Amino acid sequence: MQWIPSFVKLFLFFVTGLVLSTGGGIAEMESLGNYTMSSIFGALRLVGLLLMVVSPLLMALKFFAQLDRKAK
């Protein structure tokens, strides 16, 4: 499984997703009157949520792949 990044990179993806989700949520609430800006920040919030969900799944996949490799 060489295509999966290291645990540190995946953790940084999680932190980036957390920052995007939080910052996008705050900025979306601040720009409620402007539909264009609000939708851009909403999209950033969704990208952050996607990173927050995908990175732990990839961490688990990498962890179990390493366990499987050690068992052989």
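The values are calculated or read from the model by the stated rules, or taken from the named source; none is laboratory data. What you see is a predicted model, and the numbers here were worked out from it, not measured in a lab. Note that we place each Cβ from the backbone using ideal geometry, even for glycine, and neighbour counts take in every protein chain shown. Side chains are part of the model used for accessible areas, which takes the heavy atoms of the whole protein and leaves out ligands, DNA and RNA. Shrake-Rupley method; radii C 1.70, N 1.55, O 1.52, S 1.80 Å.
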Using a Förster distance of 35 Å, the FRET efficiency for Leu32-Leu12 (Cβ separation, nearest 0.05): 0.70
Residues of the chain: accessible area per residue with a 1.4 Å probe, Å²: 74
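Counting only protein heavy atoms and using a 1.4 Å probe, what share of the accessible area of the chain belongs to carbon plus sulfur, as a whole percent? Provide the component values of the computation, followed by the final result.
Details: 3920 of 5310 Å².
Here carbon and sulfur together make up 74 percent of the probe-accessible area.
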Tilt relative to the chain, helix 7-30 - C-alpha long axis, 0 to 90 degrees, to 10: 10
The chain: chymotrypsin sites (Phe, Trp or Tyr not before Pro) in DSSP coil with no more than 12 other Cβ atoms inside 10 Å: Trp3
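Hey, with R₀ at 30 Å, roughly what FRET efficiency would Ile40 and Lys62 work out to, going by the Cβ-Cβ distance, to 0.05? Working shown, then result.
Working: r = 32 Å, r/R0 = 1.08.
Efficiency for this residue pair is about 0.40.
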